[in-house]
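Here's the structure, in structure tokens; my notes come after.
Readers should treat all values here as calculations from the given coordinates under stated rules, not as data from a laboratory. All values derive from a computational prediction rather than experimental measurement. Here the Cβ positions follow ideal geometry from the backbone for every residue, glycine too, while neighbour counts run over all protein chains shown.
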Amino acid sequence: MALEGRLAGDGDHYALLCSYTDDLSDTPETTVLLRAVDERDPQPFRGLVEAADLAAGTHTLRESRFTRPEEATQWWDRHWSRPRTGVPIAPPPAPSPAPEPPFTPSRSR
């Protein structure tokens, strides 16, 4: 995967702040938020999103850069608050019906 290669290649330059994978949607996504180790980086925060198109067998990696942590956090919140299409979660099972009382024959006189 492209994201895995990017993280392995840049591992000495960035610290992982957080990550999340949504694997329930029709297009699974993994998102990571990074901070540059080098204090001189003018845009030290990176947001990376890898989206998979399972039908086509492809992955798309996008990157966003931010100067301040608040900008990165807002980007994260906006990204994960958008509507998702996904596999519906199954409803809880219906309660079992109450058992019927045992049959007792009636007596005739």
- Phi angles of segment 66-81, converted by Karplus (6.51 cos²θ - 1.76 cosθ + 1.60, θ = phi - 60°) into ³J(HN,Hα) in whole Hz with x for Gly and Pro, give 9, 7, 10, x, 4, 5, 5, 5, 5, 4, 4, 4, 5, 4, 8, 8
- Can you list which of the trypsin sites (Lys or Arg not before Pro) found in segment 1-70 are DSSP loop residues with at most 16 other C-beta atoms within 10 Å? 40
- Go from 0 up to the bin containing the longest alpha carbon distance in segment 2-81, width 5 Å each, and give me the % of pairs per bin. 3, 15, 26, 24, 17, 10, 4, 1, 0
- Enter the Cα centre distance for the pair segment 41-55 and segment 11-27, rounded to the nearest angstrom. 8 Å
- Query: What GluC sites (Glu not before Pro) in segment 14-63 are in a loop by DSSP, with at most 10 other Cβ atoms within 10 Å of the Cβ?
  - Reply: 39
